[in-house]
Amino acid sequence: MGVPALIVAAGSGQRLGAGGPKALVELAGRPLYAWSVDAFRRATHIDRIFVAVPPGQAGLFTEPGIVTVEGGETRSHSVANGLAAITAEGDPGLVVVHDAARPLVSPALIDAAVIGLDSDSGLHALIAAAPVTDTVKRLGEEGVVAETLDRSQLVAVQTPQVFRVEMLQRAIEAGDLAAATDDAALVEAVGGSVGVIESPSGNIKVTVPGDLELAAHFLEGSR
Ligand code: CTP
Ligand code: MG
């Protein structure tokens, strides 16, 4: 089985503050997004890689074998544009969405997520998530703790996220794209059933400069 991947890389990277798109920032000798492209190339169940890029900057995304698509105003708009390009070639059944900002994603996690959704007809999506190890509290009025949440019921959501294409399309058409922080939330909003697959602790997201140092440390250590 082979399904398409959509790597969203069209963000501007405000919090990283590198003065250019985060996806092109150098990480251990290569642009940040190239590490994700590599992982998807090595995954057994991926047959095409689409990358949503900042408008007008496709020429800077030179990894071989990728298809670039112009990204949109928010992450969800970038996903919508990428999905439109993918489905223009026919309905592939499943699609994997991944943030370029998670360069340490493993081919094993990608394959496990694709197989997991393909083999569970009761699910519309299967998303990578990590158990929450900190105690989490909800704040009430004036920043005072209102309650301590039951950590055993909480997960921190990551990517990759695998979707049934038909359901993701429906969720995008119905959803508030400007407000959504991930696509799984759009699927939940239309009543879709979203499962989780545990991701390894190394699947970090590069958001601020310290994250880039941490990711470089991991990648250089694994060589
Ligand atoms: N993304 C995208 N299109 C957008 C916004 C974000 O494709 N309009 C992508 C980013 O490139 C990133 C992922 O979504 O791979 C997660 O977003 P985030 O980490 O927030 O990246 P940025 O939006 O680039 O960073 P910031 O919020 O600090 O500006
Ligand atoms: Mg952002």
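In whole Hz, with x marking every Gly and Pro, tabulate ³J(HN,Hα) for the range 197-202 from phi via Karplus 6.51 cos²θ - 1.76 cosθ + 1.60, θ = phi - 60°.
Going residue by residue, I get 10, 6, 9, x, 5, x Hz, with x marking Gly and Pro.
For the chain, treating each Cα as an identical point scatterer without solvent, what Debye log10 I(q)/I(0) comes out at q = 0.10 1/Å?
Debye output, listed in q order: -0.44.
Mind checking which of P31, I110, A10 is farthest towards the positive end of the chain's charge dipole, using Cβ charges of +1 (Lys, Arg) and -1 (Asp, Glu) about the Cα centre?
P31
Considering only DSSP beta bridges where both residues belong to the chain, give the percentage that are antiparallel (nearest 5).
45
In whole Hz, what ³J(HN,Hα) sequence does the range 116-127 give by Karplus (6.51, -1.76, 1.60; θ = phi - 60°), x for Gly and Pro?
These are the phi-based 3J(HN,Hα) values: x, 6, 4, 9, 10, 5, x, 9, 9, 7, 9, 10 Hz.
I'd like the Karplus ³J(HN,Hα) series for the range 92-107: coefficients 6.51, -1.76, 1.60, θ = phi - 60°, whole numbers in Hz, and an x wherever there's a Gly or Pro.
Each residue's phi maps through the Karplus curve to give x, x, 10, 9, 9, 10, 9, 7, 4, 6, 10, x, 9, 4, 9, x Hz.
Could you tell me the extents of the range 63-181's C-alpha atoms along the three principal axes, largest first, rounded to whole Å?
Between the extreme Cα coordinates on each principal axis of the range 63-181 lie 52, 32, 31 Å.
Between beta-carbons, use under 13 Å as the cut-off and find the net charge around G175, counting Lys and Arg +1, Asp and Glu -1.
That sum, taken over residues with Cβ under 13 Å, equals -3.
Got a sec? How would K205, K137, K22 order by Cβ neighbour count within 10 Å, fewest to most?
K137, K205, K22
Fewest first, what order do H124, H98, H217 take by the number of other Cβ atoms within 10 Å?
Ranking H124, H98, H217 by Cβ neighbours within 10 Å, fewest first, gives H217, H124, H98.
Amide H of Q158 versus every other amide H placed in the peptide plane: which residues, excluding those fewer than 5 positions away on the same chain, fall under 5 Å?
Amide H neighbours of Q158, under 5 Å, 5+ apart: A128, A129, A130.
How long are the semi-axes of the ellipsoid equivalent to the range 102-165, from square roots of 5 times the Cα gyration tensor eigenvalues, in whole Å, largest first?
31, 14, 10
For a footprinting-style exposure proxy, rank L123, L6, L214 by other Cβ within 10 Å, fewest first.
L214, L123, L6
Around R15, with a cut-off of 12 angstrom between Cβ atoms, what is the net charge of the other residues, counting Lys and Arg +1 and Asp and Glu -1?
Combined, the nearby Lys, Arg, Asp and Glu give +1.
Which net charge results for the neighbourhood of G93, defined as the other residues with beta-carbon distances under 10 angstrom from its beta-carbon, given Lys and Arg at +1 and Asp and Glu at -1?
Residues close to G93 contribute a combined charge of -2.
Any read-out appearing in this document is the output of simple, stated calculations on the displayed coordinates, not a laboratory observation. Small disclaimer: the values here were computed from a predicted structure and weren't measured. Every residue, glycine as well, gets a Cβ built from its backbone with ideal geometry; the counts of neighbours run over all protein chains shown.
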